Amino acid sequence: MMTDDQDLPPFGGMAIPELPDPASVEPLALGLMQGLPPPPDKRITLANYRDYPNARWAYRHMRELAPTLRVWRGRGTPSALEPAPRDLLAHRYEAPGGARQSIGDWFTQTYGDGLLVLHRGRVVLEHYAGGMQPQDLHLAWSVSKSFVGLLAQLAIEAGQLDPEAPIGALIPELNATSSAGAWTAATVRQVLDMTAGIRYREIYTDPSSEVFGYAFAGGLFAPPAGYAGPRSLDAFLPMLAPEGEHGAGFHYKTAHTEVLAWLVARATGTPLAELLSRQLWQPLGMEEDGAFGVDPAGTAVGGGGLNLALRDLGRTGAMLAAGGRWNGRQIVPTALIEDIRRGGDREKFKASGYIERFGYSYRNQWWVPHDADGSFEAKGIHGQHLHVNPAAELVVAKFSSHPVSTTLFTQHADRAAFAAIAAALRT
C-alpha cells in the first residue's frame, strides 16, 4: 500500500481487475464509522483499514487510527485562494480508447475524493465527494516524497547537505548490521533520485517482500501476532541488503525516501514535521495544520505518511508553478524548480520497467514527463496527484481512494484528463 511500485505486473500483459461501482463504496452510504458508537461490523481500525471499501473512509481519518505529528501552519492568516469558477466538471474530451467523457466522469471513475484546479493561482474548480470537506486532511501517500525532496533541495541550497557525500559517513547507523555496506557508498544524490542499489521489493501479494517489514516498522500496518521484526524505521533500514550498482538505474523504492528524510533531519538538526512547518507550511500560509504519521519511535514517515488538506496541496503547486514565489515571498528558489523540471536521466529511468511512463524521468523525488509544457508531478498510490504545468499556468491537486494501489493503473486516463483541463483553460 505504500508506493507506486511493483504490486502489479506490467499492464500490457495483465488482466484488468473487476472494480466496484464507485457509488456502491461511498463511506456514508455504507454507514462506515457511523453511530455513537459505530456497530462492530462498521468499525475501522489499523488492522482492517486497507480492506476495501474501508480505505475510502480511512484515508481521510488516519489521525484516528495511528499516531501523528502536527505540521504547524503557524499563527498567520491563510494565504488567499481567489475563486474564478469554470464549469470544468462538465468539460468533455476524448479519453484513452476513444470514448468521450467529462472531467466529472474521470473524477468519479477514479474514485476521487477531492479535486482542486488552479489557473494562474486562482481556483477554477473545487469539488469533493464521499463526505470529504475542504478542511479534511487526506493521506497523501507517496506525494509525501516530493515534499521531502523539496526539503532536501533546500538543505543542499543552504549548504547543510552535500549531494555527493556518501551516506554511510552521514548516517553511520546504517552500517550497523550484517547487511553493512548496502548504503555506505551510495551518495545523497543517488538516494534523492532513487538510483542507489538496494534490495527492496513492494509486492503486496508476497509476505516476504520488504514492504511488509517497512510498513510494520513504520506503524503503517498492524503487525501480525508474534511478529519479531524491527519496530522502527531506524531499526529496519540498516537491515536492507545491497542489490545492483549504485547509480546504474532508477528503481522506485520508498526506502530511499526514508533515508533521505533521515539525512535531512540530521543535516538541519530539525525533526521532519517541524522543518516542513518552518520551510513550507508557514511561508505558504497554509489553511490547515498538516500531520505526519510516525513510527513507534516517534520518527515521521517521510515516504508516505503526510496528511494534508486539498487546498494546501494546491497552494504548494501554485507556488511551484509561479517559480517558487507565493504569499508575497520567494519560498523556493527558482533554480531548484528548474532543476526538477530538467528531470533526471531518461535512459536510467528505463531500468524501472514502467512502460506506462515511457519518456519520463525522476528527479529530486518528482516525476518528470518531459512534455512540451514542462510539467512535473507528485504521485501517490490509490490516486493522489499534484500535477504542475508551468506553461499552462495550471495546477491539478487530486485525492482519491482507488481500489488498485498503483497509479500506473490510471496513468493514461489521468494524463488525458490533465491535458483536457489544460486545453480547456487555454481557450
Notebook entry, point to check: Can you pull out the residues in region 172-189 that are modelled with pLDDT of 90 or more and either closer than 15 Å to residue 236 by Cα or touching an Asp or Glu at 6+ places or on another chain (Cβ under 7 Å) (or both)?
Noted result: 172, 173, 174, 183, 187, 188, 189
Check: From the list 338, 356, 377, which residue is within 14 Å of the chain's Cα centre (by Cα) and of a type in the set (Asp, Glu)?
Finding: 377
Check: Which residue pairs have Cβ atoms closer than 7 Å, lie 6 or more positions apart in sequence or on different chains, and pair a first residue in region 90-103 that is in contact (Cβ under 8 Å) with a residue 60 or more places away in the chain with a second residue that is of a type in the set (S, T, N, Q) and outside any loop (DSSP other than H, G, I, E, B)?
Finding: 91/102; 95/101
Next item on the list: Name the one entry in 125, 116 that is crowded, with 17+ Cβ neighbours inside 10 Å and within 17 Å of the chain's Cα centre (by Cα).
Entry: 116
Margin query: Kindly evaluate residue 86 against the criterion of being in contact with a strand residue (DSSP E or B) (Cβ under 7 Å, 6 or more places away or on another chain), closer than 24 Å to residue 33 by Cα and surrounded by fewer than 17 Cβ atoms within 10 Å (Cβ to Cβ).
Written below: no
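Which is more than 16 Å from residue 56 (Cα to Cα) and at pLDDT below 95, of 97, 74, 104, 131?
Working: 74 fails: at pLDDT below 95; 104 fails: at pLDDT below 95; 131 fails: more than 16 Å from residue 56 (Cα to Cα).
Unique residue meeting the criteria: 97.
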Note to self: Quick check on region 410-427. Is at least one of its residues free of Cβ contacts under 8 Å to residues at least 40 places away in the same chain, of a type in the set (D, E, K, R) and surrounded by fewer than 21 Cβ atoms within 10 Å (Cβ to Cβ)?
What the structure shows: yes
Check: For residue 396, which of the numbered conditions (1) surrounded by 19 or more Cβ atoms within 10 Å (Cβ to Cβ); (2) out of contact with any His (no Cβ under 6 Å at 6 or more places or on another chain) fails to hold?
Finding: (2)
Check: Does residue 236 meet the test of being buried (at least 17 other Cβ atoms within 10 Å of the Cβ), free of Cβ contacts under 8 Å to residues at least 60 places away in the same chain and not aliphatic (A, V, I, L, M)?
Finding: yes
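Just one of 383, 359, 374 is in contact with a His (Cβ under 6 Å, 6 or more places away or on another chain), surrounded by fewer than 24 Cβ atoms within 10 Å (Cβ to Cβ) and touching a residue at least 12 places away in the same chain (Cβ under 8 Å); which is it?
359
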Check: Somewhere in region 320-339, is a residue surrounded by fewer than 18 Cβ atoms within 10 Å (Cβ to Cβ), outside any strand (DSSP E or B), hydroxyl-bearing (Ser, Thr, Tyr) and at negative phi?
Finding: yes
Check: Right, residue 304: part of a helix (DSSP H, G or I) and under 18 Å from the mean Cα position of the chain (by Cα) or not?
Finding: no
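The values are calculated or read from the model by the stated rules, or taken from the named source; none is laboratory data. Given the structure is predicted, the values throughout are model-derived calculations rather than measurements. All Cβ positions, even for glycine, are placed from backbone atoms using ideal geometry, and neighbour counts span all protein chains on display.
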